[in-house]
Structures are given as structure tokens and as C-alpha cells.
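The values are calculated or read from the model by the stated rules, or taken from the named source; none is laboratory data. A quick note: this is a predicted structure, and the numbers were derived from the prediction, not measured. Glycine also receives a Cβ, built like all others from the backbone with ideal geometry; neighbour counts cover every protein chain displayed.
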Amino acid sequence: MRFSVKTGAPLLALALALSACGTSGGDDEEASSGGGEAGTCEDVAIGYFGALTGAAANLGINIRNGVQLAVDQFNEENADCQVSLEEYDSAGDPNQATGLATQAIGDDSVIGIVGPAFSGESDTAGPIFAEGGLPTISASATNPDLSQNGWDTFHRVLGNDASQGPAAATYIADVIKSEKVFVVDDASAYGAGLAEIVEESAGDAVVGTDTIQTGQTDFSATVTAIRSSGADSVFFGGYYAEAGLLVQQMRAAGVEATFVVADGVKDPGFIEAAGDAAEGTIITCPCLPPEEEQEFYAAFEEAFGAAPATYSAEAFDAANVMLEGILEGNTDRESLLEWINDYSGEGITKTITFDEDGEPENISVWAYKVENGEIVADQEIETN
Amino acid sequence: MSFLFNNFVELTVTGLVLGAVYGLVALGYTLVYGVLQLINFAHSEVWMFGSFAAVWVTVALGVAPGSAMPVVIGVLLLALLAAMTVSGGVALLLERVAYRRLIRLDAPKLVALISAIGASFALAEIMGLRDRVAGWIGLRDTLDPYVRSARDNTRFQNPLETEGLFTVGGYTVSNVDVIIIVSAVLMMVALDQFIRRTRTGRGIRAVAQDSEAAALMGVNRNRIIRATFLVGGIMAGAAALLYLMRFGVTRWNAGFLLGVKAFTAAVLGGIGNVRGALLGGFVLGLAENYGSALIGSEWRDVVAFLLLVVILLFRPTGLLGESLGRARA
């Protein structure tokens, strides 16, 4: 998962946090009283692991709320099996993650974790979860290497960056019908990796490449290269700050090529910086547009007073995989892990099954479009 | 290589545009160095505050692009005035808070350098935390359009629409390109005349040459130092508006990279030399663009700074090399 600073909505974050606090307080009460009466699944909890404070707190809160909603709905439907939610606030910091993971391992009632939210903390907490046999399902970590460490507890419900790149290339070729693609990257691990995958997938259609630097503000040489290559689409692998500047300077120089970017740009900060130049930009993301699932959308909005955001629906799915397992009587870590590994079922975002590395077998990548200053869903991109 | 030749005009014009901004900011470094032999590292923040002043003027007036020409010119002039006022004000504040006492006590140059770096961080962070600052004084909601997304890019809604004027060598030169280059050259000429012909300018040259002798001749040294900071700040304010017209975005930490480049331009042209600053800016802007075109954008800084090293190896005092004090009257 990309790590971005969303200073844009501190009030929204506060509102979300406050409303979420309200609901979780009520549930704990309900959970303890209900759990005491029922015998089938006593003292069972799942955890949320990720940032609730810190610079990227908004992203974590989106995910936690998805989990919270799943747990609330489950407890409402199953009076005799009450599950509680434990929160592990890592602040998105890989260094804090190790201590929290050990703490989660030590709490015997916690039998599954939704998270860790970001790739960095997944990397440091992963070995500890694997050793403790505590199954995890991440709703947001996209680094492709995470599943290659041999941690049998690791799972995720979204496509990694190795599927997003080819999807972007597919969209460029099939929907935009671009024959000349120019690929730019920002030399970051995320951006350069993604740009390389797009470049490979697009093959002969690539008419030029360039690398910029993060923090750079003048892209005139890059814009000249794009213009003189005659490209009709430009893919940029990087984050929203440079994306905004680049597209603005492209448009000012009269370059009309379609601007295609990935989830690192799916942030209001992009439109804030680029203004009108952002119009028509295509943003790919391995995340479901929350408005696709009306029922979930409405329930989420009612519970938290705000619309579900990036990766809320994925978190809801991840939590439900575990909750179903608990309902089936898998109330210890070992059996729940087995349940998750063998799981096959319909989530709201996709049909969920995991391969032996814990990667989802069904991946959906969506294209979003900037229209009238808003990021709106365009269409699902065919993968494979 | 053929890419460079095929797009030579475009790379040259865009390089000159960026170079003009470097040059105007470089003036602030060069003037202060000429008078005090100090590198004012907080000058980048002087520029950054000016850029926000220009943005806020356009936010407050809310002029859409495509308005009538007199309105557009009025808004731009107001933004220019605001940027120059704020930049000049911040420069004076810097002189008062970070320098004056140190200069009076004749503190070692390194102390003033650290003081400047500290001031630079403080000013940048204050801008990055402006939403909190507004919160403390209870105006967070009132000032929302000015302080929101304090850590992200802030956009300048340019009231002037970019239009092509004429085409040379396959590149359509825009009105903004022309405005930036011409204004930078005009301001440089005006400043040069100011330093050569006015009483204050003579004072600046006198203090640069020998501050003690100047004081004995009745030049008020403190007043001259303040004037130097003020002039540098005003130039940075103008540079801020020109930069926004071309690049359209500013940020709390945008000054850092531009400051390093402008300082480089000042050294390249000959630090302490007013005309050298603009020349150094142009050379640096062109070198960056040509370098990017030759090997790729990730090499732009490598090429630009290699050029700096090579020039300084052969001309250690920079291209024009003449100090402020020795400029002819």
C-alpha cells in the first residue's frame, strides 16, 4: 500500500474516528454480555492491525471501519456467537509493528488479524505472525514481495502491484486504443516498479520513457520529450504530488495525450494541485468503487456518517472470511488458518479464494476517471 | 543527440524561463553576500512566502481564467504587489531576528550561517503547519481556503490564459514564456541602475567594498543592510509570481530545491555580482534542459552541477567574477 500524507481531511478523519469510537464502545458492551450467555464461541476476537493515528491515519481508519461494520453485522445476526474487535494502532510505522504483533500473539483470544494495512509494517510484522501461527488477511498491502517470504499465515484480498501494471497497460491498449505510449516514472520503488511492468506489458507501443525525481517541479524537458514523441497516452508511475505538476505542465504545453496513473495518485491532493488539467485522467486501483455495493455503502454510511473510502470494502470482505470461519466452529488460530487457506466464497468485492502464497486468485482492478474535479469509477479492467 | 537538435528551440525557451526565475532568486543571495559576505540560506523561504502571498491574492479575489484583460492585469499586479510586500517583509524580519544582533556582535560567519539555516526550517515549518496556526487563533474554518492541505501542493489559479504567440523551430512560444523572460531582464536592468545610480545603491556598493570606511564616510551601515535584504526580498517576490505563472503550484517546502538551484546560479555567475546572477540563472536553466535532453531527466542535476564544477575550476570567481563593491559607477 502506498504511504501518503492526507492532510486534506483532518476534520473528516476526526469525524470518522469519533463516530467509530461511539459504535465500538457500544459493541464491546454488547459483545461481553452476549458472549457471556453464549457457549459456542466464548472469548473470541479478531484484530485490526494498521494506522489509526499518524500521517496516513485516514487510510487506516477507512479499513478499520470496514472491519468494524463486518463485526457489528455479525454480532447482530448471531446472538449466541459474539466476536469482539481488538485494535492494534501501528501509526503505519514498521518499527512499532513488531511490538504490537508480539502483543497480538500474546493475547490468546485473538485468532485472526485484518491487516497489517501497509506494506512496510507487513514486512516487519509478517515473520512474527508466521511464528505465532496467527492468520492475517491484508486489505491494502500491495508490495508483490510480501507473499514470497514463505509466511503461511499471510493472505491479502487485493491484487498486488504486479497485477495493477498489466491492467493499466490493458486499459491503455483496449479502452484508450492508444498506439503510442510514453512511460514516465519517479524512480521510487513503487513508481519505477510499476512503470517497468507497464512498459513490458505495453511492448512495442512504448514510444519513449523518462525518469523524473521526486520533489522536482520543472518537467519541461520531459514534456518536450512527450510532445516530440507524438504519444497519445502517458503513463506515470509515482505519487500524486508530481503527477499533478506533470499533467499541469503537459496541458500548458498543449499536449493532449491521455494521462494514466495508478493508486498512488488516487487522492484529492492530485486534483488540488492540477486543477482543470486533471480532467480526464485515468487512475487504476486494485480497489472496488465503494458505490458499487449499494447495501454495503448504505450500511457503512449509516454506521460512520461518511461514505466508505479506498479499501473499506476489501476490509469488510477480509473480516467476513474470518467471521464465517468462527461461525463454523473454527475458534482457534490453527483451525481458522486452515479455514482461510481452503476458503472459497463470494465477497462483495470479488470471489475470494487464496493461492498457496496467500494471494487472491481473483483480482479486480478498476479504472477511475477524473470528472468535474472528482475521482469517479469508470469501469472494471479485465485482467489476465 | 538528435532529440536535442530537433527540439532545440523548445528546450532553449523553457530553459530560459526557468533560468529567469533562478536568476531573480539568485539576486537575493548575491546582494546579501556582496554586502555581508554571508550566505543567507533562509532566502528560499523568503521566496516561498511570496509565492503563497500571490496564491492567496488570487484565492481572495477568485478570478476565473478568461476574464477581461484589464481584470487579469489588475489581479496579476495585485498578486505581484502582495508577493513583493510579503517577501520583502519576511526578508526584513529575517534580518532583524536572525542576523542583526549577530552582525553587531561581529559573531563568526558560521554562527550566522547556522542561524540562517534555523530560520529557514522555522519558516518552512510554519507554512507547513499553517492550518494549526490558524486553529490556535480560532480562524481555522474562516481561513479554510488559505490553510487547507497545508502539507500538499497549493495551486495558483493563473488568471492569464496561456496562449501561443509565435512559432519558432517547431515550438510555439507562449505569452507566459515571453512575460517571464522579459520581466526578469527588465528587473535586472532596473536593479543594476538602482545600484549604480541611486544614493542607496552607492551606499550598498560602499558597504560591500569596505564597510568600516563607508561608516566613516557617513554611510549608515545598518540602514544599508536592511535595504539590501529588502531589495533581495522584493526580487524574490517577483520571482515567486513569475514561477507560479509558469508552474502553477507551490508548497511549504518548495523553496528548498529552488533555493539550492538559485544559490548555484549565483555562484555560477560570480557571487556578489548582480549581473552574474541572471547570467548564472540562464546558464543553469539551459544546462539542466540540455542535459535532460541528452541523457534523460534523471541526469539533469548531474549535468548541471558538473558544469558548475568545470566552470569554477577554470573561473573560480564565477562567469563574471566581479564583486558588488567593484562594480563601476
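Would you please name the residue that is surrounded by the fewest Cβ atoms within 10 Å (Cβ to Cβ), looking only at residues in the stretch A:205-216 that are facing chain B (nearest Cβ under 7 Å) and touching a Ser or Thr at 6+ places or on another chain (Cβ under 9 Å)? Only one residue tops the list, namely A:GLN213.
Of all the residues that make up the stretch A:265-295, how many are more than 14 Å from chain B (Cβ to nearest Cβ) and either of a type in the set (Val, Ile, Thr) or touching a helix residue (DSSP H, G or I) at 6+ places or on another chain (Cβ under 6 Å) (or both)? Looking only at that region, the number is 9. If you filter the stretch B:135-148 down to residues that are free of Cβ contacts under 8 Å to residues at least 40 places away in the same chain and in contact with a helix residue (DSSP H, G or I) (Cβ under 6 Å, 6 or more places away or on another chain), you find that the one that is farthest from the other protein chains (Cβ to nearest Cβ) is B:LEU143.
Just the residues that are closer than 12 Å to A:GLY50 by Cα and in contact with a Gly (Cβ under 9 Å, 6 or more places away or on another chain), please, taken from the stretch A:101-132. Once the filter is applied, which keeps residues that are closer than 12 Å to A:GLY50 by Cα and in contact with a Gly (Cβ under 9 Å, 6 or more places away or on another chain), the stretch A:101-132 yields A:ALA101, A:ILE113, A:VAL114, A:GLY115, A:PRO116, A:ALA117, A:PHE118, A:GLY120, A:GLU121, A:SER122, A:ALA125.
So which of B:LEU286, B:LEU312 ends up being farther than 18 Å from B:ASN40 by Cβ and modelled with pLDDT of 90 or more?
Details: B:LEU312 fails: modelled with pLDDT of 90 or more.
After applying the criteria, what remains is B:LEU286.
Scanning the stretch B:166-197 for residues that are on the phi < 0 side of the Ramachandran plot and within 13 Å of chain A (Cβ to nearest Cβ) gives B:THR167, B:TYR171, B:THR172, B:VAL173, B:SER174, B:ASN175, B:VAL176, B:ASP177, B:ILE180. Taken across the stretch B:13-21, residues that are within 24 Å of A:SER228 (Cα to Cα), hydroxyl-bearing (Ser, Thr, Tyr), within 14 Å of chain A (Cβ to nearest Cβ) and within 18 Å of the chain's Cα centre (by Cα) do occur, with at least one present.
Give the residue, chosen from A:VAL234, A:VAL198, A:VAL247, A:VAL255, that is more than 8 Å from chain B (Cβ to nearest Cβ) and assigned to a strand (DSSP E or B). Let's see the steps before the verdict.
Numbers: A:VAL198 fails: assigned to a strand (DSSP E or B); A:VAL247 fails: assigned to a strand (DSSP E or B); A:VAL255 fails: assigned to a strand (DSSP E or B).
Of A:VAL234, A:VAL198, A:VAL247, A:VAL255, the one residue that is more than 8 Å from chain B (Cβ to nearest Cβ) and assigned to a strand (DSSP E or B) is A:VAL234.
Which of the residues belonging to the stretch A:335-378 are closer than 23 Å to A:SER201 by Cβ and surrounded by fewer than 13 Cβ atoms within 10 Å (Cβ to Cβ)? Passing the criteria: A:ASP355, A:GLU361. State all residues of the stretch A:258-276 that are out of contact with any strand residue (DSSP E or B) (no Cβ under 8 Å at 6 or more places or on another chain) and not in a helix (DSSP H, G or I); if no residue qualifies, say none. Within the stretch A:258-276, just A:ASP267 meets the criteria.
Of these, B:GLY28, B:GLY66, which one is within 20 Å of the chain's Cα centre (by Cα) and of a type outside the set (D, E, K, R)? Walk me through it before giving the result.
On the way: B:GLY66 fails: within 20 Å of the chain's Cα centre (by Cα).
Checking each option against the conditions leaves just B:GLY28.
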